[in-house]
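K.L.:
Handing you a structure now.
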Amino acid sequence: MPHAKLPRKSTNVDMTAMCDVAFLLLTFFMLATKFKPEEPVTVITPSSISQITLPDVDIMLITVDPKGRIFFSVDNKLKRMDLIESINSYRNLNLSKEEKTAFALGGSIGFPFNQLKTYLSASADDQKNMVANAQGIPADTSVTADNNELASWIRSARETNPKVRICIKADGDVSYPNVQKIVKTLEGYKIFKFNLITNLKAIPSGTAAFDDAHANDRKS
Amino acid sequence: MAELDTSSSGGHKKGPGVKKGKKLSTRIDLTPMVDLGFLLITFFMYTTTMAKPKTMEINMPYKDKTLTEDEKNKIKNSVALTVLLSKSHRIYYYEGIGDNPDKSPDIKVTTFSSAKGIRDEIIDKKKRVDAMKRTGELSEKDETTVLIKPDTTSTYSDLVNILDEMNINDVKVYAIVDITDLEQGWIKATEEANGIK
């Protein structure tokens, strides 16, 4: 029995539409993207209902990793140069110009002052290895203690940029004494207001904050 | 792939003497371009940070050694709730500020869980303070005050969680205070009484 031959359809698809979509998305991501700042350690922050967003500029970030190591960074590249100059003269570190530039371009610092010179003069790869084994910035509950190097960092950072906002980004599993050291140091400088970086979580229903948030919804 | 042969599209044939100029297709294969497009999208999607980090602002109690005892704000025992944060995310709490070393307060234990946790206790405390305000036992200016005292075995997440509870339950006055030896003793005694190691 002769069966009717179906016309074979072409398997080719017009790619133009897909191409359009792909590039539309690409453009969106390119414009919307802001690269993740390089983080020395992974920190999982606890969650809170706070919805205040972190401002973009003038941030002093004190990171505490699960092992309790303290890392310090200032976001403004221009201020970083001033900061290292200040630290250099304050603590007599004898840093060369290249090492200062390395600091200005680098990220967080998690080394005591006696290791800072070695770290800054090392190559990029060595620096990465050193960060993995970093011991963190020594801190103490007393701001005047000689081993409280975090205090020197905070002092210099505030001197070079008085507008700086202090943020603490600590891992949820960090034990309280490690955070207490930072808080006490800040209190020593009469800083009683600072930010804790947290993740966002939903407001539990049936609470005062929940009612408050929804009262605003109804009004607007 | 995506091209269409247009060279043989015309149905009408030209005369035998007419030379047919070969028409080249104007369609280009777009597949590699799409591939590239998606590759870049993937790259940008991975590297991008969409959500800006959120922060929680905290105000520590102002401490100045020059302040005299009279200038310091005294907290009334009846508005205060002291919360002690301890290990394994346990919370010990008691009414008042625990200023009487001879009389150990009634220490209760709870957790951060949403059912019968610290939140219920805070809400309850607020209700009690409001009731006392109505009866005139407390003046209108009095606010529920929570004293947060993390001990050395608590974690940072406990601290953030309890501060978050303050925001959730709209407690206007709260402070992070150092734990006293007395209170650490009370925690220890409570732990021993309950057989917690």
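K.L.:
List the residues, sorted by chain then number, that are 5 or more residues from A:VAL174 or on another chain and whose placed amide H is less than 5 Å from its amide H.
P.N.:
Under 5 Å from the amide H of A:VAL174 lie the amide H atoms of B:TYR156, B:SER157, each far enough along the sequence or on another chain.
K.L.:
Follow-up. If I model a spin label at A:LYS163 and B:ARG128 as a point 7 Å from the Cα along the Cα→Cβ vector, what separation in nanometres do I get?
P.N.:
Modelled inter-label distance: 4.8 nm.
K.L.:
Let me check the size of the stretch B:80-193 from its C-alpha atoms; what are the radius of gyration and Dmax in Å?
P.N.:
13.9, 41
K.L.:
Output wanted: per-residue J couplings in Hz (rounded whole) for the stretch A:62-77, from phi through Karplus 6.51 cos²θ - 1.76 cosθ + 1.60, θ = phi - 60°, x for Gly and Pro.
P.N.:
10, 9, 10, 8, x, 7, x, 6, 9, 10, 10, 8, 10, 7, 6, 4
K.L.:
I would also like to ask the following. What net charge do the residues around B:LYS133 carry, taking every other residue with its C-beta under 9 Å from that of B:LYS133, with Lys and Arg at +1 and Asp and Glu at -1?
P.N.:
Working: positive: B:ARG134; negative: B:ASP130, B:GLU137, B:GLU140, B:ASP142.
Charge balance in the 9 Å sphere: -3.
K.L.:
Counting only DSSP beta bridges with both residues in the protein assembly as shown, tell me the antiparallel percent, nearest 5. All intermediate terms of the calculation are to be shown ahead of the outcome.
P.N.:
Details: 24 of 44 bridges.
DSSP beta bridges in the protein assembly as shown are roughly 55 percent antiparallel.
K.L.:
Ok, one more. Taking B:LYS126 as the anchor, which aspartates and glutamates have their alpha carbon closer than 18 Å to its alpha carbon, excluding any fewer than eight residues away along the same chain?
P.N.:
Cα-Cα hits under 18 Å: A:ASP211, A:ASP212, B:GLU95, B:GLU137, B:GLU140, B:ASP142, B:GLU143, B:ASP164, B:GLU165, B:ASP170.
K.L.:
Considering only the other residues whose Cβ falls under 12 Å of the Cβ of B:SER154, what net charge follows from Lys and Arg at +1 and Asp and Glu at -1?
P.N.:
Working: positive: B:LYS87, B:ARG90, B:LYS149; negative: A:ASP173, B:ASP151, B:ASP158.
With Lys, Arg at +1 and Asp, Glu at -1, the neighbours total 0.
K.L.:
Pop out the Kirkwood hydrodynamic radius of the stretch A:21-160 from its pairwise C-alpha distances, inverse of mean 1/r, in Å to one decimal.
P.N.:
On the way: mean 1/r = 0.0599 Å⁻¹.
Its Kirkwood hydrodynamic radius stands at 16.7 Å.
K.L.:
Please tell me which of these pairs span more than 29 angstrom C-alpha to C-alpha: A:LYS117/A:LYS169; A:LYS201/B:LYS149; A:LYS201/B:LYS76; B:LYS76/B:LYS108? Write down the numbers at each step before the final one.
P.N.:
Working: A:LYS117/A:LYS169 26 Å; A:LYS201/B:LYS149 24 Å; A:LYS201/B:LYS76 33 Å; B:LYS76/B:LYS108 20 Å.
As for pairs spanning more than 29 Å Cα to Cα, those are A:LYS201/B:LYS76.
K.L.:
Let me ask you something else. Amide H of A:THR63 versus every other amide H placed in the peptide plane: which residues, excluding those fewer than 5 positions away on the same chain, fall under 5 Å?
P.N.:
A:PHE71, A:PHE72, A:SER73, A:LYS169
K.L.:
On to the next question. Of A:ILE87, A:ILE191, A:ILE182, which is the most mobile in a GNM of chain A whose springs link Cα atoms less than 10 angstrom apart?
P.N.:
A:ILE191
K.L.:
Under unit Cβ charges (Lys, Arg +1; Asp, Glu -1), what dipole magnitude, rounded to 20 debye, does chain A have relative to its Cα centre? Before the final figure, lay out the partial values.
P.N.:
Working: 27 positive and 24 negative charges, 80 e Å.
The calculation lands at about 380 debye.
K.L.:
Which residue fluctuates most in the GNM of chain A (Cα springs below 10 Å): A:ASP56, A:ASP65, A:ASP14?
P.N.:
Comparing A:ASP56, A:ASP65, A:ASP14 in a Gaussian network model of chain A, the most mobile one is A:ASP14.
K.L.:
With a Förster radius of 30 Å, plug the Cβ-Cβ distance of A:ALA17 and B:LYS23 into 1/(1 + (r/R0)^6) and report the FRET value to the nearest 0.05. Please report the intermediate quantities before stating the final value.
P.N.:
Numbers: r = 25 Å, r/R0 = 0.83.
Efficiency computed from Cβ-Cβ geometry: 0.75.
K.L.:
Another question, then. Antiparallel versus total DSSP beta bridges in the stretch B:80-193: what percent is that, nearest 5? If you can, show how the numbers build up before the last one.
P.N.:
On the way: 8 of 18 bridges.
Beta bridges within the stretch B:80-193, antiparallel portion: roughly 45 percent.
K.L.:
With each run of n ≥ 4 DSSP H residues scored as -39500 (n - 2.57), what mean residue ellipticity at 222 nm is computed for chain A after dividing by its residue count and rounding to the nearest 500 deg cm²/dmol? Present the calculation step by step, with values, prior to reporting the outcome.
P.N.:
Working: 8 runs with 96 residues, N = 220.
When only DSSP H runs of four or more count, the value is -13500 deg cm²/dmol.
K.L.:
Output wanted: per-residue J couplings in Hz (rounded whole) for the stretch B:23-38, from phi through Karplus 6.51 cos²θ - 1.76 cosθ + 1.60, θ = phi - 60°, x for Gly and Pro.
P.N.:
For the stretch B:23-38, the Karplus curve yields 7, 8, 5, 8, 7, 10, 6, 8, 3, x, 5, 4, 3, 4, x, 5 Hz.
Any read-out appearing in this document is the output of simple, stated calculations on the displayed coordinates, not a laboratory observation. Not measured: the values here are computed from a predicted model. So basically every Cβ, Gly included, is an ideal-geometry build from the backbone, and we count neighbours across all protein chains shown.
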